[in-house]
1. Mind listing the phi-derived Karplus ³J(HN,Hα) values for the stretch 27-32, rounded to whole Hz, using 6.51, -1.76 and 1.60 with θ = phi - 60°, and x for any glycine or proline?
2. Measure off 7 Å from each Cα along the Cα-to-Cβ vector at residue 47 and residue 12, then give the distance between these two points in nanometres to one decimal.
3. Ranked by Cβ crowding within 10 angstrom, fewest neighbours first, how are 38, 15 ordered?
4. Report the extension gain between residue 33 and residue 70 in nm, rounded to one decimal, defined as 0.36 nm multiplied by the number of residues separating them, less their alpha carbon distance.
5. Quick query: amide H of residue 54 versus all other amide H atoms, modeled in the peptide plane; which residues come in under 5 Å with a sequence gap of 5 or more or a different chain?
6. For n ≥ 4 DSSP H runs only, could you compute -39500 (n - 2.57) per run for the chain, divide by its residues and tell me the 222 nm figure to the nearest 500?
7. Just want the ordering: 69, 52, from fewest to most Cβ atoms lying within 10 Å of their own Cβ.
8. Taking N as the number of residues in the chain, what is its Cα Rg relative to 2.2 N^0.38 Å?
Amino acid sequence: MNQEEFKSPGRLERVLRAGHFAVTAELNPPDSADPEEVYKAAGILTDVCDAINATDGSGAHCHMSSVAICSLLTRL
């Protein structure tokens, strides 16, 4: 498959391929396992960002897994 045949569903790739400046933000994991905290923060960020980075090991104490956050973000 060459580059012309591959179309990414990701907003970040579309923005970069169009030659535009991309805006990204970090989403620090909540201390709880409640997904609503992630959805609330992501809802704010998706209006102003092209991509969200789910940080891992934020503040060197236990948080929700960044893999779990990424899974939740794919459901938005």
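Each reported figure results from applying straightforward, stated rules to the coordinates on display, with no laboratory input. None of these values were measured; they are calculated from a predicted model. Glycine gets a Cβ as well: all are built from the backbone with ideal geometry, and neighbour counts include every protein chain shown.
1. Per-residue couplings from phi come out as 10, 6, x, x, 6, 9 Hz.
2. That separation, rounded to one decimal, is 2.3 nm.
3. Listed from fewest to most nearby Cβ atoms, that is 15, 38.
4. Contour length minus Cα-Cα distance gives 12.0 nm.
5. When sequence neighbours closer than 5 places are left aside, the close amide H contacts are 27.
6. That calculation yields -10000 deg cm²/dmol at 222 nm.
7. Placing the least packed residue first, the sequence is 52, 69.
8. 1.25
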